[in-house]
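The values are calculated or read from the model by the stated rules, or taken from the named source; none is laboratory data. Predicted model only: the values in this text are computed from it and were never measured. When we count neighbours, we look across all protein chains shown, and the Cβ atoms used for this are built from the backbone with ideal geometry, even at glycine. In case anyone asks, the SASA skips ligands and DNA or RNA and just uses the protein heavy atoms, side chains included. Shrake-Rupley method; radii C 1.70, N 1.55, O 1.52, S 1.80 Å.
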Amino acid sequence: MPDMTWIAAVARLRARREPGVLVTVATVRGHAPRDAGAKLVVGQTDTWGSIGGGNVEAVAIDRAREMIAVSKPEPELMDFALNDKVTNQHGVQCCGGTVQVLLEPLPVVRAVAIFGVGHVGLELARILARQDLDLHLIDTRSDILTKERLDVLADAVAQVHTHHTPLLPEEVLEELPRGTHILIMTHDHAEDAALCDAALRTTHLGSIGLIGSAAKWVRFRKRLATEGGHDEATIDRIKTPIGLADITGKEPATIAVSVAADLLRTFETEEN
């Protein structure tokens, strides 16, 4: 078992975008190898920490791996009697007490990438930063991603990653985590078009959304078919316009609320 605190282990799983389970000794009656509050983190292949070894730990690890395999989102309680009258899967523990163990799934957090952090992009980042996700902000303009401008995200719940790409923002697409939801809203239609084309060629992404008018999409759609060589079904992966159709305000903050709500709805349909 690698020597690492449970908090560091949870952070490592998140950074690696791997699911896991946090196992905690919830209650102890009588004698047990570890006190209430002892923690163990279970990943797909590694474990960190300990809840006392023996049958309790072995069964908890087995169950945690089953939960990871089926992406079980709800926590679970397990009860163990530590006496020699109980037939255990992994040997006898006869301390004489009873232990209740809580297993809490640690799912892979979602990732969202906003290409273009102008007025609307920044307002959108402010809203999405309140969600537990990995938020990637990409812009070709150096003055857009300054610390001062992004100070409004200082209280973010999300983990915010900035990418300044002076030339080819589409190169960032390959680096983004599997399943990242893409929102394209740069200051330049040519840049938007290049990103749409590159996003359709990048197979590991989640949803792709494009901001803009119906007229803009007619032009883009034609270019994606003729110059890009994409078929209709592939082009249909791009959702445009983004946002809720019945919110018609043009203020950046209004558009951002609409786009964020639409994206959260996409998250919900993903789960069901």
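Quick look at the values:
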read-out: Top-ranked residue in region 44-67 [being in a helix (DSSP H, G or I) and hydrophobic (A, V, I, L, M, F, W, C); ranked as modelled with the lowest pLDDT]; value: Val56
read-out: Enumeration of residues in region 187-214 that are open to solvent by 30 Å² or more (accessible area, probe 1.4 Å), within 17 Å of Asp231 (Cβ to Cβ) and not charged (D, E, K, R); value: Thr203
read-out: Output for region 154-171, where each listed residue is out of contact with any helix residue (DSSP H, G or I) (no Cβ under 8 Å at 6 or more places or on another chain) and buried (at least 19 other Cβ atoms within 10 Å of the Cβ); value: none
read-out: Flag if Val70 is within 28 Å of Leu133 (Cα to Cα), assigned by the TED database to the domain that holds Thr98 and at pLDDT 95 or above; value: no
read-out: Test for Gln89: is it modelled with pLDDT of 90 or more, open to solvent by 60 Å² or more (accessible area, probe 1.4 Å), in a loop (DSSP other than H, G, I, E, B) and not assigned by the TED database to the domain that holds Gly179; value: no
read-out: Test result for Ala245, over 21 Å from Val117 (Cα atoms) and either in a helix (DSSP H, G or I) or open to solvent by 20 Å² or more (accessible area, probe 1.4 Å) (or both); value: yes
read-out: Subset of region 1-32 that is touching a Gly at 6+ places or on another chain (Cβ under 8 Å) and open to solvent by 60 Å² or more (accessible area, probe 1.4 Å) - its residue that is modelled with the highest pLDDT; value: Trp6
read-out: Unique residue being touching a helix residue (DSSP H, G or I) at 6+ places or on another chain (Cβ under 9 Å), at pLDDT below 95, surrounded by 15 or more Cβ atoms within 10 Å (Cβ to Cβ) and not polar (S, T, N, Q) when the list is Phe80, Phe115; value: Phe80
read-out: Hits in region 164-192 (condition: modelled with pLDDT of 95 or more and in a strand (DSSP E or B)); value: His181, Ile182, Leu183, Ile184
read-out: Residue list for region 120-143, filter: surrounded by 20 or more Cβ atoms within 10 Å (Cβ to Cβ) and over 19 Å from Ile242 (Cβ atoms); value: Asp134
read-out: Residue among Leu210, Leu263 that is closer than 29 Å to Ser71 by Cβ, at pLDDT 95 or above and out of contact with any Leu (no Cβ under 7 Å at 6 or more places or on another chain); value: Leu263
read-out: Any hit, region 188-210, residues being β-branched (Val, Ile, Thr) and touching a residue at least 40 places away in the same chain (Cβ under 8 Å); value: no
